[in-house]
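Report on the following structure.
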Amino acid sequence: DGNSPEAWHMVWEEILCLYNMGWSIQSHGWSHTALQLLKLEEKEYEISKSTSDIYQHSGVCPRYYAYPFGGYDEDVKNIIIKEGYLGAVTVNKGIENIQTVDLYRIKRIGVKSKYSARLLKKKLASR
């Protein structure tokens, strides 16, 4: 049924379809667990399992990570770096200064489906 959490998840066929249309494939964790609450070995598993699954199913090495629930700590950040990720996004709102940003703590802005390109451009310019 469409109300179960499993119904909200994409299958690899859908992910690859989007990839073939130009979308990028990045990582958000293997089981969407709050990483900062886990033991070190569990953090490593969650991150490396996600990375290897994406590669195994798509041939793509993800390069950016979105922390589940925005949660991370120094261990998580160090694992992300060790896994070869170039950066990671938090759930903290804002626009970064390209010269001072910590690439493993990138803020982001919410973009709603109702936003036109003009409205998005206006919102970005006002920051």
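Things to note:
- Divide the volume of the convex hull around the Cα atoms of the chain by the residue count and you get 145 Å³ per residue.
- Rounded to the nearest 10 Å², the accessible area of Arg105 at probe 1.4 Å: 80 Å²
- Fluctuation leader among Glu42, Glu14, Glu83 - the chain, Gaussian network, Cα springs under 10 angstrom: Glu14
- The chain: Lys pairs at Cα distance under 20 angstrom, eight or more positions apart or on different chains: 23
- Low-density loop cleavage sites - chymotrypsin sites (Phe, Trp or Tyr not before Pro) in segment 1-88, where at most 14 other Cβ are within 10 Å (DSSP): Trp23
The values are calculated or read from the model by the stated rules, or taken from the named source; none is laboratory data. Worth saying up front: this structure is predicted, and the values here are computed from it rather than measured. Note that each Cβ is placed from the backbone with ideal geometry, even for glycine, and that neighbours are counted across all protein chains shown. Just the protein is used for accessible areas: all its heavy atoms, side chains included, with ligands, DNA and RNA removed. Shrake-Rupley method; radii C 1.70, N 1.55, O 1.52, S 1.80 Å.
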